[in-house]
Amino acid sequence: MRFLERPAVRFVLHFAEMMLAMGFGMMLIHPLWGLLVPGLDDRPGPDTLLMGVDMAIGMGVWMRVRGHDWRMITEMSAAMVGPFVVLLVPYLVEALSADVYSAAGHILMVVAMLAIMLVRRHHYSQPQGWAWSRARLTAA
């Protein structure tokens, strides 16, 4: 069995792809919020929540390009944004500082993503294709 075909290797590579896509989503989308919402940098709660959304968009786009269905994308996006939404309430009542809100949200996001991936490890351990190659194959 070739190294890259091993399920554990595919699982790790898939996770790495998602992390990269999240980074690109954050780098490309998040600066636009600063243009649309002046002073967003002065409001850490909404700024951090939007950062989570930006990462979910980047990851969702990449998952779609790689041929994942909408259910998987929605499930993973909810796992990513959910921790920020849940922690927003303690942040708003000042039970969490902005730094703790951001750090805890990011940590819980990664844990939630890994939990979804482990529940669906059969799916995330398989080699993924490309959306356009699958569309072309099903049309033929």
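The values are calculated or read from the model by the stated rules, or taken from the named source; none is laboratory data. Since we're looking at a predicted model, the values are computed, not measured. Ideal geometry is used to build each Cβ from the backbone, glycine not excepted, and the neighbour counts take in all protein chains shown. To get the accessible areas, we keep the full protein, side chains included, count just its heavy atoms, and leave off ligands, DNA and RNA. Shrake-Rupley method; radii C 1.70, N 1.55, O 1.52, S 1.80 Å.
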TODO: Kyte-Doolittle cut-off -1.0, length cut-off 20 Å along the helix's own axis using Cα: show which whole DSSP H helices in the chain pass.
DONE: 7-36, 44-65, 70-92, 98-119
Task: At 1.567 mPa s and 4 °C, Stokes D of the chain from Kirkwood alpha-carbon radius, µm² per second - done: 80
- [ ] Sticking with the crude label model, points 7 Å out along Cα→Cβ, report the distance from HIS123 to ARG64 in nm, one decimal please.
- [x] 1.7
Task: Summed residue charge, Cβ within 14 Å of ASP47's Cβ, Lys/Arg positive, Asp/Glu negative - done: -3
Task: Which of ILE29, ILE107 is most accessible, then next, and so on - probe 1.4 Å - done: ILE107, ILE29
Open item on the list: Starting from the 7 Å offset along Cα-to-Cβ, what nm value, one decimal, do you get for the label separation of ARG43 and ILE107?
Closed with: 2.7
Open item on the list: Positive end of the dipole of the range 26-110, charges at C-beta (+1 Lys, Arg; -1 Asp, Glu), about the Cα centre: which of VAL53, HIS68, ILE29 has its Cα farthest in that direction?
Closed with: HIS68
Open item on the list: At 1.4 Å probe radius, can you tell me the per residue accessible area of the range 31-140 in Å²?
Closed with: 58
TODO: Set the Förster radius R0 to 22 Å, insert the Cβ-Cβ distance between ARG6 and THR74 as r into 1/(1 + (r/R0)^6), and round the FRET efficiency to 0.05.
DONE: 0.20
Task: Sequence-separation-based contact order of the chain, relative, with Cα cut under 8 Å and 6+ spacing, percent - done: 31
